[in-house]
Amino acid sequence: MRPLFGIAACLLCMAIAASARAAERPLYGFDQQGIARELGLEQTYLTLPTAQGAAASLSALTAQARFDGSWGDGESARWMADRLRSFGWQTELAQFPAPLEWPKRIELELLAPQRVRFDLRESADANDTDAPRADAGIPFAYGSPDGNVRAPLVYADRGSAEDFAALVRAGVEVKGAIALLRNGAGHAGDVAQNAERAGAAGVILYPDPADDGTGRGTALPAGPWRPMGSARRVNVTTRVPLKIPVLPVTPAVAQRLLAAIPGSEAPTRWRGGLPAAYHLGRGGMVHLDVLLKRRIARLTNVVAMLPGQDPRDAVVIGSHRDAWAYGAADDASGIATLVEVARGLGYLYRAGWRPRRTIVVTGLDGAEIGSTGAYALAFEHQLPGRIAAYIDCDTCVTGSRFEAGALAPLAPLVRESAAAVPDGGGSTLAARWGGGTDLPLTTGDAAIFAYEAGVATIGVRFAGPYGVDGSAFDDARWMGTFGDPGYARHRELAQVIGTLALRLADAASLPQRWSAYGPTLDAALRSLSLDVKRSDLPIDLQPLRSAVQAFERSAARSDARIAAGTMPDAAQLDAASALIVRGADGPFNVIYGTGGGTGTLPAIAKPLVAGNEGRIEWGIETSAAALRRASDALNHPGSPTS
């Protein structure tokens, strides 16, 4: 352990050196004195996270399976809380109710043309000594209805609506059959719903080697891609509950099932990487039996705080602790990284530093079953103040390629913070990266904060070849051999996340650049104008255009106040909240939608494609009103609502 007096002395030395650099490296949202202090803190902080610490944390977290509600899940919460308390954080275990499911009986049997009773557990290659342990359980689909079905098979590629339409055109009857589908066409629940609409009696999902196995590179145990004995567990919950059973299986099981389907050769794009014929046809006979146990249980978020000088706002850093099995990459890598962040920030706090805003580190539960822990933190847990910003780290380390995503106002901060982190090769993380911030914040915990809670959100990770998603092979051996040998990427990620947290927590004004929304809004307006002309609908975009122009003027004025450190946080938080409105399908951001491919200004763009004039008018009115409310919040930072 590094003595605190040594850190304090180091802080003093670096602050003196930083004061000389402050003039040449201005930090947005800080005054001159604040810049010197901040740069000194950052230089000290960068020395504190370690690769060895991250490796030890990941080993501890992956010692047992951590599916939601399991003993391993609860043990990981207690372990993380103890670690953060040891670093000086005020830590609690915040519980919340959530629906749990796990297998009671899952069986799959091929009845014809020959009888095969499948062992549905994952299995290792004969050369792989790292076979999944018993606590990983049988792969299943969370959210699947119970069902006991005997039916023939059809193969429908990835299960899109067009794939099922192609079967109809080919004369293949889907009604009453069990659909065998490749993973990879979006949310598994939506794919299963396509099968249900087409009349299927059940769905069997499998990961094809062409997508994340030998078709991409060398599979385990010699490479990072999925072996034949590895399944991909999935969540198939949908807004409208499914009525047919769903089961994930391994490529090895899928190969036997494909061989049972007669017919003509499938189109080239439907053929995957299995050594089997992919046919357009209906045949064989399968018995699929899915029976799940269900109950409401108490899950646990770990919530740790370093109290700030102003308790009204908090910067939150989060990863999820739960996993489908051992979850080394998804997401023990995130928790291990956050433990290193907490170690570094905790040392600074004990040496006398106090952040302007409270900093919260959280290990979320319930991510695999629908981001229930993120929802609880965003809307139900009693934090000391409003969430000013959220830094997300999900599936944080699978390789060496740095990726980042952010809502537009925080994208410049990500680039500037990455420029402060050395990459170990004489350059900076930013120089190696390139600066793009297009990592999607479209699913999982980040989407809850960004598109439902209206929180300024950042996501960061190191990516690479990752073929074991959702399987028991996502373990410590995979991480140490392929994901991050030496754990240097974990250390670098902790450095950049900590730097982001320091700048967000210490800036005189929350360092967002609101005018960064301008190019996105201008491009969307141009696209909508062209679409309206082509549609021949009597649509007037002028109210929206006026609202966008007013918002951009307000954004420019706000950026100047933020740069000077005179913009209250409350005004920015109110503006962000104003951009969230409630539609028929729930809350969404009027600029980004829900982030999941909904496009820009989706309340107008989506009904325009459908030619729904009434919904277009509603979208224009709703979007313009939200932008005006955001403008008002930015224009009147001293108002009672701010």
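Go through (1) within 23 Å of the chain's Cα centre (by Cα); (2) buried (at least 17 other Cβ atoms within 10 Å of the Cβ) one by one and return the number of the condition residue 558 breaks.
Of (1) within 23 Å of the chain's Cα centre (by Cα); (2) buried (at least 17 other Cβ atoms within 10 Å of the Cβ), only one is false for residue 558: (1).
One line per residue, one yes/no per condition, for (1) within 28 Å of residue 71 (Cα to Cα); (2) in contact with a Gly (Cβ under 7 Å, 6 or more places away or on another chain); (3) in contact (Cβ under 8 Å) with a residue 24 or more places away in the chain:
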{"site": "303", "(1), (2), (3)": "yes, no, yes"}
{"site": "309", "(1), (2), (3)": "no, no, yes"}
{"site": "315", "(1), (2), (3)": "no, no, yes"}
{"site": "331", "(1), (2), (3)": "yes, no, yes"}
{"site": "344", "(1), (2), (3)": "no, yes, yes"}
{"site": "358", "(1), (2), (3)": "no, yes, yes"}
{"site": "369", "(1), (2), (3)": "yes, no, yes"}
{"site": "381", "(1), (2), (3)": "yes, no, yes"}
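The conditions are (1) within 29 Å of the chain's Cα centre (by Cα); (2) modelled with pLDDT under 95; (3) not aliphatic (A, V, I, L, M), and residue 535 fails exactly one of them. Which is it?
With (1) within 29 Å of the chain's Cα centre (by Cα); (2) modelled with pLDDT under 95; (3) not aliphatic (A, V, I, L, M) applied to residue 535, the lone miss is (1).
Between 482, 473, which is at pLDDT 95 or above, outside any strand (DSSP E or B), open to solvent by less than 10 Å² (accessible area, probe 1.4 Å) and in contact with a Pro (Cβ under 8 Å, 6 or more places away or on another chain)?
Details: 482 fails: open to solvent by less than 10 Å² (accessible area, probe 1.4 Å).
When all the criteria are applied, what remains is 473.
Confirm whether residue 269 is more than 30 Å from residue 570 (Cβ to Cβ) and of a type outside the set (A, V, I, L, M, F, W, C).
Details: more than 30 Å from residue 570 (Cβ to Cβ): yes; of a type outside the set (A, V, I, L, M, F, W, C): yes.
For residue 269, the condition - more than 30 Å from residue 570 (Cβ to Cβ) and of a type outside the set (A, V, I, L, M, F, W, C) - is met.
If we scan the stretch 379-392, do we find a residue that is in contact with a helix residue (DSSP H, G or I) (Cβ under 6 Å, 6 or more places away or on another chain) and modelled with pLDDT under 95?
Yes, because at least one residue in the stretch 379-392 is in contact with a helix residue (DSSP H, G or I) (Cβ under 6 Å, 6 or more places away or on another chain) and modelled with pLDDT under 95.
Here is a check on your reading of the model: is residue 254 crowded, with 24+ Cβ neighbours inside 10 Å and part of a helix (DSSP H, G or I)? Walk me through how you get there before you give the answer.
On the way: crowded, with 24+ Cβ neighbours inside 10 Å: yes; part of a helix (DSSP H, G or I): yes.
Yes: the conditions hold for residue 254.
Residues that are of a type in the set (Asp, Glu), open to solvent by 10 Å² or more (accessible area, probe 1.4 Å), without any contact (Cβ under 8 Å) to a residue 60 or more places away in the chain and part of a helix (DSSP H, G or I): does the stretch 499-509 have at least one? Lay out the reasoning, then the answer.
First, pick out the residues of the stretch 499-509 that are of a type in the set (Asp, Glu): 506.
Narrowing further to those that are open to solvent by 10 Å² or more (accessible area, probe 1.4 Å): 506.
Okay, now just the ones that are also without any contact (Cβ under 8 Å) to a residue 60 or more places away in the chain, so none.
Within the stretch 499-509, not a single residue is of a type in the set (Asp, Glu), open to solvent by 10 Å² or more (accessible area, probe 1.4 Å), without any contact (Cβ under 8 Å) to a residue 60 or more places away in the chain and part of a helix (DSSP H, G or I).
For a quick check of your reading: which helices (runs of 4 or more DSSP H) sit entirely within the stretch 515-610 and have at least 3 residues that are hydrophobic (A, V, I, L, M, F, W, C) and in contact with a Gly (Cβ under 9 Å, 6 or more places away or on another chain)? Spell out how you get there, then give the answer.
Numbers: elements: 517-535, 542-563, 569-578, 602-610.
Qualifying helices (runs of 4 or more DSSP H): 542-563, 569-578, 602-610.
Of everything in the stretch 204-241, what is open to solvent by less than 20 Å² (accessible area, probe 1.4 Å) and under 27 Å from residue 370 (Cβ atoms)? Give them in sequence order.
Of everything in the stretch 204-241, those that are open to solvent by less than 20 Å² (accessible area, probe 1.4 Å) and under 27 Å from residue 370 (Cβ atoms) turn out to be 204, 205, 206, 207, 208, 226, 230, 231, 233, 234, 236.
Go through the stretch 412-429 and give me each residue that's assigned to a helix (DSSP H, G or I) and either in contact with a Pro (Cβ under 7 Å, 6 or more places away or on another chain) or surrounded by fewer than 20 Cβ atoms within 10 Å (Cβ to Cβ) (or both). Spell out how you get there, then give the answer.
To start, the set of residues in the stretch 412-429 that are assigned to a helix (DSSP H, G or I) comprises 412-418, 429.
Within the stretch 412-429, 412, 413, 415, 416 meet the criteria.
Taking only the stretch 332-385 into account, find how many residues are open to solvent by 10 Å² or more (accessible area, probe 1.4 Å), under 16 Å from residue 396 (Cα atoms) and aliphatic (A, V, I, L, M).
The number of residues fulfilling the criteria is 1.
Taking the conditions exactly as written (among the acidic types (Asp, Glu), touching a Lys or Arg at 6+ places or on another chain (Cβ under 6 Å), in contact (Cβ under 8 Å) with a residue 60 or more places away in the chain and more than 25 Å from residue 54 (Cβ to Cβ)), does residue 322 satisfy them or not? First the steps, then the outcome.
Numbers: among the acidic types (Asp, Glu): yes; touching a Lys or Arg at 6+ places or on another chain (Cβ under 6 Å): yes; in contact (Cβ under 8 Å) with a residue 60 or more places away in the chain: yes; more than 25 Å from residue 54 (Cβ to Cβ): no.
Against the criterion (among the acidic types (Asp, Glu), touching a Lys or Arg at 6+ places or on another chain (Cβ under 6 Å), in contact (Cβ under 8 Å) with a residue 60 or more places away in the chain and more than 25 Å from residue 54 (Cβ to Cβ)), residue 322 does not qualify.
Yes/no matrix, rows are residues, columns are (1) among the small types (Gly, Ala, Ser); (2) in contact with a Gly (Cβ under 6 Å, 6 or more places away or on another chain):
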{"position": "200", "(1), (2)": "yes, no"}
{"position": "206", "(1), (2)": "no, no"}
{"position": "218", "(1), (2)": "no, no"}
{"position": "223", "(1), (2)": "yes, yes"}
{"position": "230", "(1), (2)": "yes, no"}
{"position": "238", "(1), (2)": "no, yes"}
{"position": "256", "(1), (2)": "no, no"}
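Scan the stretch 204-243 for residues that are within 19 Å of residue 463 (Cβ to Cβ) and part of a helix (DSSP H, G or I) and jot them down.
Matches in the stretch 204-243: 211, 212.
Just one of (1) open to solvent by 20 Å² or more (accessible area, probe 1.4 Å); (2) touching a residue at least 40 places away in the same chain (Cβ under 8 Å) trips up residue 586, so point out which.
(1)
Tell me, which strands (runs of 3 or more DSSP E) wholly within the stretch 86-203 include 3 or more residues that are open to solvent by 10 Å² or more (accessible area, probe 1.4 Å), at pLDDT 95 or above and not hydrophobic (A, V, I, L, M, F, W, C)?
Numbers: elements: 90-112, 147-155, 178-182.
In the stretch 86-203, 90-112, 147-155 are the strands (runs of 3 or more DSSP E) which contain 3 or more residues that are open to solvent by 10 Å² or more (accessible area, probe 1.4 Å), at pLDDT 95 or above and not hydrophobic (A, V, I, L, M, F, W, C).
Which pairs do you get when a residue that is part of a strand (DSSP E or B), found in the stretch 389-405, comes within reach of a residue that is hydroxyl-bearing (Ser, Thr, Tyr) and open to solvent by less than 10 Å² (accessible area, probe 1.4 Å), reach meaning Cβ atoms under 7 angstrom, with the pair 6+ apart or on two chains?
If the second residue must be hydroxyl-bearing (Ser, Thr, Tyr) and open to solvent by less than 10 Å² (accessible area, probe 1.4 Å), the pairs left are 390/457; 392/457; 397/333.
The values are calculated or read from the model by the stated rules, or taken from the named source; none is laboratory data. Since the structure is predicted, the reported quantities are computational estimates derived from the model, not experimental observations. So basically every Cβ, Gly included, is an ideal-geometry build from the backbone, and we count neighbours across all protein chains shown. Areas reflect the complete protein model, heavy atoms only, side chains present, ligands, DNA and RNA absent. Shrake-Rupley method; radii C 1.70, N 1.55, O 1.52, S 1.80 Å.
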